[in-house]
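*Asks:* Let me give you the structure first, and then I'll get to my questions.
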Amino acid sequence: MPAYILGIESSCDDTSAAVICDDVIKSNVIANQLVHSNFGGVVPELASRAHQQNIIPVIHEAMKRAGIQKNELSAVAFTRGPGLLGSLLVGTSFAKAFALALDIPLIEVDHMQAHILAHFIQNPERTNKVPSFPFLCLTVSGGHTQIVKVSNYFEMEIIGRTIDDAAGEAFDKAAKIMSLPYPGGPLIDKFGKEGNPLAFKFARPSIQGLDYSFSGLKTSFLYFLRDRLKEDADFIEKNKNDLCASIQHAIVSSLMEKVLLAVKQTGIHQVAVAGGVSANSSLRGTFISLQEQGKIEAFIPEFQYTTDNAAMIAVAGYFRYLNKDFADLSLSPYSRSGV
Ligand code: KG4
Ligand code: ZN
């Protein structure tokens with residue numbers, strides 16, 4: 001009998017619900033919270049309130065699009081962490097109440113593991129290539145930057161991580177310095193497409209091993225612009241495309257340098273990319289070109305599964321469902337985790 005899993009994601013500023021039938025996607029509904037764009041970042045208090053308003057309509061829509069009734073669900077999977085606690089509490093409380101009311105199992109999912117497992121979502125309209133174990137995954141989002149060795153659906157080891165800012169944070173902070181609205185990552189991508197990635201060079205810290213650091217790059221970008229703006233108040237406006245292309249180039253080449261080192265050190269050639277920053281066109285392009293050069297076998301997620309979504313929570317929940325790995329109603333969310 002097929003398993004229908006409802007996935008719920010509420011870790012940051014997107015309220016999302018998805019239904020999966022085994023590993024095949026049936027629906028994936030995402031409500032973005034536009035309320036944060038004027039604040040230069042996510043305001044936790046506003047995020048929790050928006051989740052509270054969005055969660056019922058989003059779940060209702062996901063069930064409707066999947067064409068199933070509540071009593072056909074086999075389990076409810078939800079993001080337990082990491083993320084903003086107030087936001088996580090909304091999804092967690094809803095999932096608990098829903099599972100209890102329907103008398104079906106509750107399944108907890110780690111958000112970062114789910115980003116990786118998004119590679120296993122099957123879509124009947126497309127045939128996607130799935131990595132085999134073990135593989136490496138560059139997991140890059142607004143809060144995390146990790147190189148993960150994925151041994152199976154549950155066993156994941158972080159072999160490299162950022163010691164300060166995450167890659168998404170580096171994109172967003174650079175955008176903020178240029179007075180672009182939050183989240184700035186997609187805008188840097190958009191303007192960068194029209195610019196020269198080698199127009200400007202910024203100092204990058206060199207960190208040992210497989211770890212990353214992005215705070216030095218942000219400072220270098222800030223000081224560079226401060227100096228140029230003294231000479232020309234319109235410097236940013238006149239050079240926006242080149243600035244975006246150059247900062248993007250610096251972030252993407254830092255990311256790939258350590259990925260290639262990880263491939264060399266582990267001897268694992270299958271490399272996936274996951275998380276919000278995997279939507280970046282330059283990063284995706286670099287993965288494809290490294291594959292063409294025969295350096296890696298690349299796995300790039302479908303665009304809709306790059307930023308936060310509940311389809312990845314539902315598929316991660318499905319693998320736990322098969323293992324009968326169910327959660328207790330007494331659990332509470334966590335804001336930080338390993339993977
Ligand atoms: O995974 P995600 O949706 O949320 C977290 O779990 O953090 O990632 C959000 C991050 C933000 O920093 C956003 O600016 C970045 O992903 N991002 C991008 C692009 N799309 C989203 N960064 C660069 N280029 C993009 N196209
Ligand atoms: Zn995420």
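The values are calculated or read from the model by the stated rules, or taken from the named source; none is laboratory data. Predicted model only: the values in this text are computed from it and were never measured. Glycine gets a Cβ as well: all are built from the backbone with ideal geometry, and neighbour counts include every protein chain shown. Side chains included, ligands, DNA and RNA excluded: accessible areas come from the protein's heavy atoms. Shrake-Rupley method; radii C 1.70, N 1.55, O 1.52, S 1.80 Å.
*Asks:* Using a 1.4 angstrom probe and counting only protein chains, how large is the accessible area of CYS244 in Å², to 10?
*Replies:* CYS244 exposes around 0 Å² with every protein chain in place.
*Asks:* With a 1.4 Å probe and all protein chains left in place, how much accessible area per residue does the chain have, in Å²?
*Replies:* Dividing the accessible area of the chain by its residue count gives 44 Å².
*Asks:* Here's a follow-up. So which lysines pass the test for LYS193, namely a Cα distance under 28 Å, with those fewer than 8 places away in the same chain ruled out?
*Replies:* LYS129, LYS173, LYS176, LYS201, LYS218, LYS230, LYS238, LYS240, LYS258, LYS295
*Asks:* Hey, if we sort HIS60, HIS249, HIS51 by accessible area with the 1.4 Å probe, largest down, what's the order?
*Replies:* Result, largest first: HIS60, HIS249, HIS51.
*Asks:* Still on this model: Just the accessible area for ARG49, please: 1.4 Å probe, Å², rounded to the nearest 10?
*Replies:* Roughly 140 Å² of ARG49 is accessible to a 1.4 Å probe.
*Asks:* Considering only protein heavy atoms, what is the solvent-accessible area of VAL42 at a probe of 1.4 Å, reported in Å² to the nearest 10?
*Replies:* Accessible area of VAL42: about 40 Å².
*Asks:* For the stretch 239-323, divide the Cα radius of gyration by the Kirkwood radius and give the resulting Rg/Rh value with two decimals.
*Replies:* We get a ratio of 1.05 for the stretch 239-323.
*Asks:* Where Rh is the Kirkwood radius over the Cα pairs of the stretch 273-328, the temperature 37 °C and the viscosity 0.692 mPa s, what D in µm²/s does Stokes-Einstein return?
*Replies:* Answer from the Stokes-Einstein relation: 252 µm²/s.
*Asks:* With θ set to phi - 60°, apply the Karplus curve 6.51 cos²θ - 1.76 cosθ + 1.60 along the stretch 114-127 and write out the HN-Hα couplings as whole Hz, x wherever there is a Gly or Pro.
*Replies:* Values, residue by residue: 5, 4, 5, 6, 4, 5, 9, 6, 9, 10, x, 7, 9, 9 Hz.
*Asks:* Could you compute how fast the stretch 44-168 diffuses translationally, taking Rh as the Kirkwood radius over C-alpha pairs and applying Stokes-Einstein at 25 °C with viscosity 0.890 mPa s? Give it in µm² per second.
*Replies:* It comes out at roughly 147 µm²/s.
*Asks:* If you fit an axis through the alpha-carbon atoms of helix 281-292 and take the longest principal axis of the Cα set of the chain, what angle between them do you get, 0 to 90°, nearest 10?
*Replies:* Taking Cα atoms only, the helix is inclined about 90 degrees.
*Asks:* For THR162, THR145, THR127, give the ranking by accessible area with the largest first, probe 1.4 Å. Working shown, then result.
*Replies:* Numbers: THR162 25, THR145 0, THR127 145 Å².
Ranking THR162, THR145, THR127 by accessible area, largest first, yields THR127, THR162, THR145.
*Asks:* So how long is each side of the stretch 242-282 along the principal axes, counting just the alpha-carbon atoms, biggest first, in Å?
*Replies:* 36, 17, 10
*Asks:* Turning to a different aspect of this structure: Percent antiparallel among DSSP beta bridges with both residues in the stretch 69-221, to the nearest 5?
*Replies:* Of all bridge pairs located within the stretch 69-221, approximately 65 percent are antiparallel.
*Asks:* In deg cm²/dmol and to the nearest 500, what is the mean residue ellipticity at 222 nm of the chain if only DSSP H runs of at least 4 residues count, each as -39500 (n - 2.57), divided by the residue total?
*Replies:* -13500 deg cm²/dmol
*Asks:* While we're looking at this one, here's another question. What number, in nm² with one decimal, is the all-direction average of the projected area of the convex hull of the alpha-carbon atoms of the chain?
*Replies:* On the way: hull surface 68.0 nm².
If I average the Cα hull's projected area over directions, I get 17.0 nm².
*Asks:* Now for a different question. Run the simple label-point estimate for ASN38 and GLU257 please: 7 Å along Cα→C-beta, distance reported in nm.
*Replies:* The answer from the label model is 4.1 nm.
*Asks:* What part of the accessible area of the stretch 135-301, given as a whole %, is carbon or sulfur when the probe is 1.4 angstrom? Each step should come with its number before you reach the end.
*Replies:* Details: 3720 of 7400 Å².
Answer for the stretch 135-301 is 50 percent, counting heavy atoms of protein chains only.
*Asks:* Give, in whole angstrom and from largest to smallest, the semi-axes √(5λ) of the equivalent ellipsoid of the stretch 135-301, with λ running over the eigenvalues of the Cα gyration tensor. If you can, show how the numbers build up before the last one.
*Replies:* Details: eigenvalues 171, 48, 37 Å².
Each semi-axis is √(5λ); the values are 29, 15, 14 Å.
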